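As structure tokens, the structure follows; a few thoughts come after it.
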Amino acid sequence: MCTPFHPALMIRLLCAVMAAMGVHPESIETTEFETGTDDIPDAYRSMLVRLEHLMYNIVMVKEPGASEHRGQMWFAIMYAMLFGLSSSVVQFGRWSRFLEALMRRLMWTLWLLFVDDSCIVDLKAGRGTAQKWGGEVLRHLGVQLAAHKSQPMGSLTEFLGVIHDLSVTVVRQCIPHTPKLSARAKLQLMIQTQLAANELTPAQASKLRGICGWMSMAQFQRIGRLAMRPLKCRQYYDTWSSEHGWALTAALRASFTFILLVLSKNVHRDIPVGHASSPVVVVATDAQVDTTPSGGFIMQAQQQSGGYTRLKVLSDLWNQQAQRPEDKVIIAESECAMVPLTLWHARHEVRGSRVLWLVDNSPSLHSLVKGASGNPAMDKAVAVTYVLCYLLDCTIYFEYVDSLSNFSDGISRELEGDTWAAAHDIPTKVMETWPSWWTTPLPALWDMLQEQLDAELLDAQTSI
């Protein structure tokens, strides 16, 4: 079944087909699209079924524990079209897939169906005819659409709880998606209620995680997942205290603060319409803890460049925060930290780019892909990485590279004396380590980074 982003993918596919047919690129880029939605009311009650097939709906019931027949299985024939839990979607899914195929193959209409919710994609020049005649066909099949839930064809449409905006497609060549306003308001109210009550039970944490997880799909690179770890801890691992009950921890309060911050900034997700035209950058980072911890990067952008830094200050800070022995070193922490440090150091080169990022440490790579980590230092590094991606409007594709093939291995160990960089005429510079990133709350750090980037942009415009 489709997702809230399938309308955008359909538009991208249409543009690709137009290009394959030889349509001029300028004509493709200026083509305007519209979407609309319809809903099938009382959908499950409209299912077609043969009378003689009803006897095959058999229900198994287990005798409850208090009964004298405890644990015994009972079977009953139910002369009905049963719907419950997952079987509802499974049974109705066959009908919705048939309707979707009918509209596409016979009506040549881009009609998307998720169970009983449908979305129609058409050219703006169609003036709503796809939705009008598609609805007529469904009505002749006995499928009545809910008029009060219908959204007429237009540029701003809500589908499956996510709003997509086609009004900027021609200008930006992308389609922004945001969670619907009512869902954001509901989440804000839930968080504010828990903050006021200073309490969060595991059941409430589970519900919040579900809402936040769904909402993060419609946010830039799922940035909303960065605050999920404390909620997961409360759902599965925290225990009730006779003194404090299910009182909020500092981590939960910080998580709530970050979620509210993301909601207030209306962080959206863009899906490009055509072939991505942004530049491609290749970055490799590495770190070592065999001697004094250090790290480095090599970047291939418009020009090659490299950087290196000593990570002893950060390693000592992480040990202090985790209350570990002073001489303790965890390579994954240093490997993970090199990503946001490199992003900030090379922010002018990666802004607005697509980045292939090579990492040779599996734990840090998994954390970066997942968007969170159980290690607090790595979790903060991942969070800063995605905040910077949003502020710099760059998309990172993380990929594993084995250590022997990682061309940043030398600079991470030899620093300014790296022979590989010198042999390839790659200029290198020393990098800042920014220990304050790991001590500043994420909302305040977000604002700090945003202010500095805005100031740099203003200076650049002034100097022109």
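Brief remarks follow.
- Residue-level check: of (1) in contact (Cβ under 8 Å) with a residue 24 or more places away in the chain; (2) within 24 Å of the chain's Cα centre (by Cα); (3) more than 25 Å from PRO272 (Cβ to Cβ), ARG413 misses just (2).
- Just so you know, in region 436-464 the residues that are in contact with a helix residue (DSSP H, G or I) (Cβ under 9 Å, 6 or more places away or on another chain) and outside any helix (DSSP H, G or I) include one that is farthest from TYR390 (Cα to Cα), and it is THR439.
- Matching residues, region 270-300, being part of a strand (DSSP E or B) and charged (D, E, K, R): ASP270, ASP286
- Region 128-146, residues that are touching an Asp or Glu at 6+ places or on another chain (Cβ under 9 Å) and either small (Gly, Ala, Ser) or touching a residue at least 24 places away in the same chain (Cβ under 8 Å) (or both): GLY128, ALA130, GLN131, GLY134, GLY135, LEU138, GLN144, LEU145, ALA146
- Applying the condition of being in contact with a Ser or Thr (Cβ under 9 Å, 6 or more places away or on another chain), outside any strand (DSSP E or B) and not aliphatic (A, V, I, L, M) to region 134-157 and asking which residue is surrounded by the most Cβ atoms within 10 Å (Cβ to Cβ) yields GLY134.
- Lone unmet requirement of (1) in a helix (DSSP H, G or I); (2) assigned by TED's automatic domain parsing to the domain that holds ALA147; (3) not basic (Lys, Arg) for THR35: (1)
- Only residues that are among the charged types (D, E, K, R) and either without any contact (Cβ under 8 Å) to a residue 60 or more places away in the chain or in contact with a Cys (Cβ under 9 Å, 6 or more places away or on another chain) (or both) were counted across region 18-42, and they come to 4.
- The C-beta contact set for region 100-112 (first residue closer than 13 Å to THR37 by Cα, second residue among the basic types (Lys, Arg), distance under 9 angstrom, 6+ apart or interchain) comprises LEU110/ARG104; TRP111/ARG104.
- Restricting attention to region 246-268, the residues being exposed (fewer than 11 other Cβ atoms within 10 Å of the Cβ) and touching a strand residue (DSSP E or B) at 6+ places or on another chain (Cβ under 7 Å) number 0.
- Helices (runs of 4 or more DSSP H) fully within region 169-269 counting 1 or more residues that are modelled with pLDDT of 90 or more: 181-197, 202-216, 229-236
- Residues within region 2-31 that are over 30 Å from VAL115 (Cβ atoms) and assigned to a helix (DSSP H, G or I), tallied: 8
- Screening SER362, SER367 for residues that are surrounded by fewer than 21 Cβ atoms within 10 Å (Cβ to Cβ) and among the polar types (S, T, N, Q) leaves exactly one candidate, SER362.
- Among the candidates VAL283, VAL313, residue that is under 26 Å from the mean Cα position of the chain (by Cα) and at pLDDT 95 or above: VAL283
- Among the residues making up region 307-343, those that are outside any helix (DSSP H, G or I), among the β-branched types (Val, Ile, Thr) and out of contact with any Asp or Glu (no Cβ under 8 Å at 6 or more places or on another chain) are VAL329, ILE330.
- Close contacts from region 169-195, counting a first residue that is free of Cβ contacts under 8 Å to residues at least 24 places away in the same chain and a second that is crowded, with 18+ Cβ neighbours inside 10 Å, with Cβ to Cβ under 6 Å and a gap of 6+ residues or different chains, come to LYS180/GLU158; LYS180/ILE163.
- So THR31, is it within 27 Å of PRO176 (Cα to Cα), in contact with a Pro (Cβ under 8 Å, 6 or more places away or on another chain) and buried (at least 16 other Cβ atoms within 10 Å of the Cβ): no
The values are calculated or read from the model by the stated rules, or taken from the named source; none is laboratory data. Quantities reported herein were computed from a predicted structural model and do not represent experimental measurements. Neighbour counts are summed over all protein chains in view; Cβ atoms, including those assigned to glycine, are modelled from backbone coordinates with ideal geometry.
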